[in-house]
Structures are given as structure tokens and as C-alpha cells.
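Okay, structure first, notes after.
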Amino acid sequence: MGEQIHEGGCYCGAVRYRVSGPPRRVGACCCRWCQRRTGSVLGLSVYFEASDFAYLQGELRHFGLTSGSGRSIETDFCPTCATTVGWTMEAEPGAKGIAGGTFDDPTLWQPQRFVFTRTKPGWLSACDAIPAYEALP
């Protein structure tokens, strides 16, 4: 079996990236940051070793913020279409987070856990097949 390589990018196509190898972790998240980042009620976060990730093209803008737990997050986004493509988090040293919907095939990744269920909408049910947590475990 060959090395896993996947690509993706922003909505307008100006930013492109490539990852190799398997993800560290895939999570569905309903924290307020993911909700605001995606403009939806949950985000799919796919984490890779930072060394397995590379931007291939495009100029990026960055936005730094502090999470609800007081830790830093720096997002990478396209200055043209404003798609948040990736981020680094103090809480995930050595990892690069990628927005699951930005992969060329966004159906590749099945969540391994569902976090921040305390801020999910009442109509959204956690999947019984994966562990669910009210906050970060």
C-alpha cells in the first residue's frame, strides 16, 4: 500500500495544500470557535503531523485568537474568499489542523470523537459509534 496523499484548498482555488500520511485524529466539534469559523453548528477538524502538511500555492492571511480555555489558535485563511483552511493550536503541539470540508474529497474523514457537545444544538444527535464529550477530554 502506497503513501496516503490528499490535497485540498479554499473555495476560490487560490490556496492549495497537500497532506501525506494518516491523520492524527479526526473530530467533530461544536465549540463556539468551530461554529464561528465554519458559519455552521459544527466543524470537522482533521489533525496531521505539522511535518506532513504543506501549502502548495496561494498567499495566506492569519488571524490569532484565544480559545475559551485560554490557549492560542492561529488560523490560516484565503484573503480572496476568506475560507479558513487550517490552523495551529497551542492545545495540539506539533499538529496542523485542517478544515475537513476543504479537502478535494471531504467525505474521506470519519470522526473519531465528538467534542463540545455542551454547545451543540438540541436537534443534533451525537453519533453512538464514537465517543462524545461535553468539552475536550
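FYI, it's all coordinate maths here, none of it is from the lab. This one's a predicted model, so the numbers in the text were calculated from it and none came from an experiment. FYI the Cβ positions are ideal-geometry reconstructions off the backbone, even for glycines, and counts take in every protein chain you see.
Listed values, structure above:
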quantity: Pairs where the first residue, in the stretch 116-127, is free of Cβ contacts under 8 Å to residues at least 24 places away in the same chain and the second is in a helix (DSSP H, G or I), C-beta under 6 Å, 6+ apart; calculated: 126/117
quantity: Count of the stretch 79-113 residues which are small (Gly, Ala, Ser), within 15 Å of residue 39 (Cβ to Cβ) and assigned to a loop (DSSP other than H, G, I, E, B); calculated: 1
quantity: Number of the exception - residue 65 against (1) more than 15 Å from the chain's Cα centre (by Cα); (2) assigned to a strand (DSSP E or B); (3) closer than 17 Å to residue 6 by Cα; calculated: (3)
quantity: Matching option when the condition is over 30 Å from residue 119 (Cα atoms) and either loosely packed, with under 13 Cβ neighbours inside 10 Å or among the aromatic types (Phe, Trp, Tyr) (or both), among 20, 40, 51; calculated: 51
quantity: Filter result for residue 100 (surrounded by 12 or more Cβ atoms within 10 Å (Cβ to Cβ), of a type in the set (Gly, Ala, Ser), closer than 19 Å to residue 20 by Cβ and in contact with a strand residue (DSSP E or B) (Cβ under 9 Å, 6 or more places away or on another chain)); calculated: yes
quantity: Those residues of the stretch 68-78 which are part of a strand (DSSP E or B) and more than 13 Å from the chain's Cα centre (by Cα), in sequence order; calculated: 72
quantity: The lone exception for residue 31 - which of (1) touching a Gly at 6+ places or on another chain (Cβ under 9 Å); (2) surrounded by fewer than 18 Cβ atoms within 10 Å (Cβ to Cβ); (3) farther than 25 Å from residue 12 by Cα it fails; calculated: (2)
quantity: Among (1) touching a residue at least 60 places away in the same chain (Cβ under 8 Å); (2) loosely packed, with under 14 Cβ neighbours inside 10 Å - the single one residue 59 does not satisfy; calculated: (1)
quantity: Qualifying positions in the stretch 1-30 - among the hydrophobic types (A, V, I, L, M, F, W, C) and not in a strand (DSSP E or B); calculated: 1, 10, 12, 14, 15, 30
quantity: Subset of the stretch 31-45 (residues that are part of a helix (DSSP H, G or I) and either in contact (Cβ under 8 Å) with a residue 12 or more places away in the chain or among the acidic types (Asp, Glu) (or both)); calculated: 32, 33, 34, 35, 37, 38
quantity: Some residue of the stretch 114-122 being assigned to a strand (DSSP E or B), farther than 22 Å from residue 7 by Cβ and in contact with a Cys (Cβ under 8 Å, 6 or more places away or on another chain); calculated: yes
